[in-house]
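What follows is a short report on a single structure.
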Amino acid sequence: MGISIAVDQTSAGVKAMRAAAPRPWPSNTRFKTKLEDEKAFDAQAFLDSAGAGRKVVEYESKETIFSQGDRATSVLYIQKGGVKLAVVNEAGEEAVVEILGPGDFFGVRCLAGQPERASTATTLTSSSILVIEKPEIIRLLYTERALSDRFIKQMLSRNIRIEEDMVDQLFNSAEKRLARVLLRLAHLDKSDPPVVEMPILSQQVLAEMVGTTRPRINVFMNRFKKQGFINYDGGLEVHQSLRKVLKSS
């Protein structure tokens, strides 16, 4: 006859067997997450340093970074300084397309399959430029969300700015267009510090950006100075009060 034995699940023997049985390490998930966090891609650190597929190049003021018609094999990022993008037509006439500053990408058309540079890039001041080879930037845009989000956000902002410039050319006076250009160059078109000093651009360059003549730019600059909107004695300072020009009728 078999004998049934009731086992007390709380007995010392059962507790010992449970303790000896293999079980998952409860902190495995937390440990894995911690490792992943430690290896997380730092977009800013990447853009601030040299490494595989990228290099930092130092340029003096008014030095050419690339010329119109050069092979387009990389995307560039401004760590420090400023860059002017300009195009030249068959008659040799130059037009300034854009002025860029720290934190801006340029030379991005190579990502759309453009084999040659469509403009000439020249430094406005001493500048540090990160040059990222095309295969490397493509790889990172596919694999690193932080960099991809930052890149896409800037490209969308630039498209919005181009549309605003088109509207500006169609409907606003040259004086308002100049005010908008100066505010943008000083990063005061959004919500930045009240006064920002920046390198002086020649009135001819400003005229090309605004779409008017240098003498008219001279008249507007002197007017802005008398009204206290700007100061350009030895350097160019743009004040937030310049926004009043945009609101005037």
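For residues that are under 10 Å from L183 (Cα atoms) and hydrophobic (A, V, I, L, M, F, W, C), scanning just segment 231-245, find the one that is surrounded by the fewest Cβ atoms within 10 Å (Cβ to Cβ).
Looking at residues that are under 10 Å from L183 (Cα atoms) and hydrophobic (A, V, I, L, M, F, W, C), I get L242.
Tell me, which residue of segment 185-210 that is surrounded by 14 or more Cβ atoms within 10 Å (Cβ to Cβ) and not aliphatic (A, V, I, L, M) is modelled with the highest pLDDT?
Q203
Within segment 130-139, does at least one residue satisfy the condition of being outside any helix (DSSP H, G or I), surrounded by fewer than 15 Cβ atoms within 10 Å (Cβ to Cβ) and in contact (Cβ under 8 Å) with a residue 12 or more places away in the chain?
no
List the pairs whose first member sits in segment 169-184 and is part of a helix (DSSP H, G or I), whose second member is among the hydroxyl-bearing types (S, T, Y) and surrounded by fewer than 17 Cβ atoms within 10 Å (Cβ to Cβ), and whose Cβ atoms are under 9 Å apart, counting only residues at least 6 apart or on separate chains?
Pairs that qualify, where the first residue is part of a helix (DSSP H, G or I) and the partner is among the hydroxyl-bearing types (S, T, Y) and surrounded by fewer than 17 Cβ atoms within 10 Å (Cβ to Cβ), are A174/T213; E175/S248; K176/S248.
What are the residue pairs meeting all of these: first residue in segment 71-89, first residue surrounded by 14 or more Cβ atoms within 10 Å (Cβ to Cβ), second residue of a type in the set (D, E) and assigned to a strand (DSSP E or B), Cβ atoms under 7 Å, and 6 or more apart or on different chains?
From segment 71-89, the pairs are A72/E116; T73/E133; S74/E133; L85/E98; A86/E94; V88/E94.
Would you mind telling me which numbered condition in (1) over 18 Å from V205 (Cα atoms); (2) over 16 Å from the mean Cα position of the chain (by Cα) S157 fails?
(2)
Mind listing just one residue for me: the one in segment 211-242 that is at pLDDT below 90 and among the small types (G, A, S) and, of those, farthest from the chain's Cα centre (by Cα)?
G234
The values are calculated or read from the model by the stated rules, or taken from the named source; none is laboratory data. Just so we're clear, the structure is a prediction, and the values are computed from it rather than from any experiment. Note that we place each Cβ from the backbone using ideal geometry, even for glycine, and neighbour counts take in every protein chain shown.
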